[in-house]
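The values are calculated or read from the model by the stated rules, or taken from the named source; none is laboratory data. Quantities reported herein were computed from a predicted structural model and do not represent experimental measurements. Using ideal geometry, Cβ is built from the backbone for each residue, glycine included, and neighbour counts are taken over all protein chains shown.
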Amino acid sequence: MPPRLSMIQLGCRPWNLSLVTVIIITFSNMLFTMLLLQSEDCGPSYVAPADDAGEPNVLTEKPPAVRTPAPAQSCDPRDYQQPSESSILRMDVRVGRWDARRLYKMFDSVVVGSEFPALSSSYSVSIATQSSVEKLYSLVQVAHQWTGPISVAVFTPGDESFFVFQRYLAYLRKCYAPIRERVTFSVAIPKDRPVFDQPQVIELTGDEDCLKPEATLNTFLVGVSKELATWKNRNVYPQNHLRNLARKNCQTEYVFLTDVDIIPSPNQANLLDEFLKSSQCEKCAYVIPTYEIDTRVRFPQNKSELVRIANKGLARPFHQKVFIHNQYATNFTRWSLDVLPGYGGNVDVVRSGKVYVSHEVNNFEFFYEPFYVARDTAPEHDERFMGYGYTRNTQVYEMFVAGHEFLVLTPIFTGHWGLQTKKGRPAWREKQNSMNRKLFDGFKKEVFARYNRDPLKMMKNQN
């Protein structure tokens, strides 16, 4: 009898036993769930540095304020690719903004670099550049050299081009951390060759070679129809639309306007940023000299090396043989003086490596079209000029009429691979140049009316 009473006191009746079992199971499930959630959080996933992708390690140290950990993605340390969804274009091909003449539909910031917002707050200057899909491989070296924010506008005529762009973008963002982190992409699509297929998640095969960005792009382009190539040959490339698109998606006070194959010298973003933050000039355009570089040599690491190979005929001012007026006013001879033997100037400033003004452009001419840095308040590129000819120089001309000073900076520079000759330029360029020349007559009248100035006496040259 006493044992039975003790059992009743302990609550070992069947319904009490069931209640205890339910409580134990509930707490076990809660504990298991907590352990499972913790096991999925492996901390920041591994993001391969540039060397892991086989690229030269030319990145400089970034300010601590803009250094952010990679988001948690996978427990596998070998998986340095972001989820596919991170590279899908944030756009609806049916909804974009038209240019003034409804020739091209624009899509702003369809993919934003993971560090682009922070970099735009830290740096005072961004690169604004434009490209066709076929030239996008050049962006790899640009992004490795330039540690600040980059805004790229890409021209994608039709579904074929649009798909190749998406596929190559996924490759670029997988293989190259500088592009994944720093670069924001915008898109322009022509009215007469629209895109119908919405953006999609691109699944790469996994055997793409991160050592060969140009060869990989060419592989992606193999299946493109000849009809697309024919269309491109018969239609103009909207350079100025793309320049404006790239520029207006920058978030910094200053913009460095370039083409995608114009490569900045090492550490240029940091050096230029330091200089610009001390600049008080409202209407200054800071010219950065551009050289053509022989493909047999490595990219110069500093100004002294550039001048040395130029003296050997392995580099020369941009377009010197093709059209000398394009860059002539920069005065490359004067720019080279401070690294030549016997220089009598401020040697300490030269040795410091800091950016300073070499000289002012005092022989400005109409066909001058340097690559320069200016405040984002500078005039936009006139979009009536399409294709080649009168695209960049008309904007530079308007800046000059508006009262901007052009100042040449040193020791920074930019480079373009290959020594160019007139023989390598197709005949259709001259045809487009002639078409744009006819449009200039109306443009110069508008500029004169806008500023009531005619410093180059263009209005006296009436037909």
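The figures follow:
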read-out	value
Qualifying strands (runs of 3 or more DSSP E) (wholly inside segment 286-375; at least 1 residues being touching a strand residue (DSSP E or B) at 6+ places or on another chain (Cβ under 9 Å) and among the β-branched types (V, I, T))	290-293, 356-360, 372-375
Total residues in segment 445-463, condition in a helix (DSSP H, G or I), surrounded by 11 or more Cβ atoms within 10 Å (Cβ to Cβ) and at pLDDT below 95	2
Conditions (1) under 15 Å from the mean Cα position of the chain (by Cα); (2) of a type outside the set (D, E); (3) in a helix (DSSP H, G or I); number of the one not met by S186	(3)
Test: residue in segment 267-280 that is in contact (Cβ under 8 Å) with a residue 40 or more places away in the chain, closer than 25 Å to A153 by Cβ and aromatic (F, W, Y)	no
Filter result (of a type in the set (A, V, I, L, M) and at pLDDT below 80) within segment 328-358	V347, V349, V350
Members of segment 224-255 that are more than 17 Å from I150 (Cα to Cα), out of contact with any helix residue (DSSP H, G or I) (no Cβ under 8 Å at 6 or more places or on another chain) and not in a helix (DSSP H, G or I)	N235, Y237, P238
Yes/no for P266 being at negative phi and touching a Leu at 6+ places or on another chain (Cβ under 8 Å)	no
D441, sole failed condition from (1) in contact (Cβ under 8 Å) with a residue 24 or more places away in the chain; (2) over 29 Å from W335 (Cα atoms); (3) acidic (D, E)	(1)
Every pair of residues 6+ apart whose Cβ atoms lie under 7 Å, when the first sits in segment 308-321 and is free of Cβ contacts under 8 Å to residues at least 24 places away in the same chain while the second is buried (at least 18 other Cβ atoms within 10 Å of the Cβ)	I309/P300; I309/A315
Residue within segment 128-143 that is touching a Leu at 6+ places or on another chain (Cβ under 6 Å), at pLDDT 95 or above and crowded, with 24+ Cβ neighbours inside 10 Å present	yes
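Table: residues versus (1) under 23 Å from G387 (Cα atoms); (2) in a helix (DSSP H, G or I); (3) in the same structural domain as N249 (by TED's automatic domain parsing); (4) of a type in the set (A, V, I, L, M).
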{"site": "L119", "(1), (2), (3), (4)": "no, yes, yes, yes"}
{"site": "S138", "(1), (2), (3), (4)": "yes, yes, yes, no"}
{"site": "Y171", "(1), (2), (3), (4)": "no, yes, yes, no"}
{"site": "D197", "(1), (2), (3), (4)": "no, no, yes, no"}
{"site": "L211", "(1), (2), (3), (4)": "no, no, yes, yes"}
{"site": "L217", "(1), (2), (3), (4)": "no, yes, yes, yes"}
